[in-house]
Structures are given as C-alpha cells and as structure tokens.
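Okay, so here's the structure we're looking at.
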Amino acid sequence: MKNPKKKFRFHFHLKSKHLLAVMTLFCLSAIIATLASGITSAPLKEAAGMLVIPFENSLNTIGGWMSDARENFRDKQDLIDANEELQAAVDTLTEQNNILIQDQAELARLEQLYDLDEEYTDYPKIAARIISKDPGNWYDTFIINRGSNDGVRVDNNVIAGKGLVGIVTEVGSTWATVRAIIDDSSNVSAMTVSTDDNCVVEGDLELIDEGKLRFTQLYDRDDRVTTGERIVTSSISEKYVEGLFIGYVSEIELDTNNLTKTGTIVTPVDFQHLKDVFVITVNKQDSIQGEGQTDVPESVNTEEASDAQEGVEE
C-alpha cells in the first residue's frame, strides 16, 4: 500500500535587516530614476500646497479668533472691575455729599438759632429738638425733648426761625407739648409795631398752605396800617411775652362794622420743616407778678384793649 503524497509548502522568511536594505535600494533607485527622467517636484509641491495651505489658514484664523476672544474677555473683565471700583467711589462720594448736605443744613439751623438768641437776649431760653408731631404735613402740635427737669413750664413761649412758633400746653419731666400758632384753636393777642394798634392773630390750617395766618379785630381808625406792617405779640397779652415777631401784614380789609379790620399775615417760620426751637423759660405771668401790673401803651384805649383781650389766647 502506497503512502499518500505530502503537499509541498514554500516558506519564505525575510529578516528585518534584509527588508530595510531592500527598501533603501528601492528608494535610491526611485530617486535616481526621477533625476534621470527629468521629472520635477513642482506638481507634488503644488498639490501639497492646495491641501496644506487652506488647512494652515483655517488654523491661523481659528487661532486669531480665539486670541481676540481671549483679549476681549480680558478687556471686558477689566471694564467690569473698573466699573465696580468707580461705582464704589461714587457710592462713597454720594454718602460724603449727603453728610455734607446734612451738616450744612444743621449749620444753617444753628446759625438761625444763634441769630434768634441774639435778637431776644432779654428772655432766658433753652434750645430743644422736636421728637414727635401730630399726623399731617404741618407742625401744628408737636412734642419737644425738654421738660420740667430743664425748667420748662406750661405757657412757656416757643420761637424758631425768625419768629413766634407757639406755646407750651403740657409738660413732663423730659418732654413738653407745644401748640403752634397755626393750629385752628390758637389765638394770640398781637399789635402793630409802627402804630401799637391791637389785633388778634388766629390759626388757620388752610391759610398756612400759603405761609399765612389770619388777623382780626384790628383797631386802625386812622388807616395807618398797610401791607408790610410788622406784627408782634402785644404788651397786653396774658400768655405771650411782649415783642415776639409774628409776621408781616400781606392783606387788609375793613370789616362790615366799619370799626375793625381783618387780613392775613405772612409768617417767617417754616411750619412744615421745623426741627429745632427755643423755649423761653419765663412766662408772661412772671413779669406781671414781678411788676404788679401790666403796662398798656398810651396809644391803645384801655376799654378797647380789654375788649380785644377778652376770649383771646385760648
């Protein structure tokens, strides 16, 4: 029995160093063949340029865009930081400006009080600050931070700005209530400076919107009182010391009885923005008791003065 024939297989094994040598010879041969045939590399370079250059340009464009974006972001952040610094500086300057405005207003009030103190040197007084008021726009009734511990008493007169503000109606140990002359229930016995004619100044919350008060019962038989006349507290007043400035006559007209006159007075006191006041710590009754009687100006008839005083200064 014959053995089957074995298949023959060809095994070719090439070592690495032999493969390297073969590839080197192939490259050298290609180079020599290229040089010998005169073929240039220009087409290859051109083809490479068509592929590579646009890619490089794209990369440069993207790189430039990213660089610009980074610079813009940095500039924006710098602007944000600078804006925050400027805002902080503005806030600081605004706060300082507000403080200066408040200080200036406070200085103006103190100067006004000083001038008022100098104007009424004959009367002892203490400064007080308003700490509370009735609802509404006007300081017709308010509370001050001075009381009996400071020598404040009921019927003490209160002044501010350049004239009369009101009278103390109630007193505690550290506070006092003041009723202003603009209050509807207020009546003040007053007189004209140039003629010593008596009248009654009445509170009117409607007129105060125009910065005015009302006066009535003016005895001016010789028609000497005109607009611009100064009105002060009367010497015959029972509750107000003499000579406190109330205001200027702005309007005047004859009453229907043809005996007395009525009109309006412009007050120098800002009854909408009161803050600091002076309290005169001596009452009219103190001077009356000290002198034993109240002096009445010769130009005022005693009977007329008595009639004018009746029912006044409630």
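The values are calculated or read from the model by the stated rules, or taken from the named source; none is laboratory data. A quick note: this is a predicted structure, and the numbers were derived from the prediction, not measured. For neighbour counting, all protein chains shown are included, and Cβ atoms are generated from backbone atoms with ideal geometry for every residue, glycine included. All accessible areas refer to the heavy atoms of the entire protein, side chains included, with ligands and DNA or RNA removed. Shrake-Rupley method; radii C 1.70, N 1.55, O 1.52, S 1.80 Å.
Counting only heavy atoms of the protein chains, get the accessible area per residue of segment 220-277 (1.4 Å probe) and round it to a whole Å² value.
On the way: 2780 Å² over 58 residues.
Each residue of segment 220-277 exposes 48 Å² on average to a 1.4 Å probe.
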- request: May I ask you to derive the FRET efficiency for Lys162 and Thr94 from their Cβ-Cβ distance with R0 = 35 Å, giving the value to the nearest 0.05?
  value: 0.60
- line: Expressed in nanometres to one decimal, the distance between label points 7 Å along Cα→Cβ at Thr216 and Arg230 is 2.7
task: Express in nm, to one decimal, how much length is gained between Met23 and Asp115 on full extension, taking 0.36 nm for each residue of separation and deducting their alpha carbon distance.
output: 21.6 nm
field: Percentage of interatomic Cα-Cα distances in segment 57-102 larger than 18 Å
entry: 57
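With every protein chain kept in place and ligands, DNA and RNA left out, what is the accessible area per residue of segment 117-179? Probe 1.4 Å, answer in Å².
Values: 2910 Å² over 63 residues.
About 46 Å² of surface per residue is accessible.
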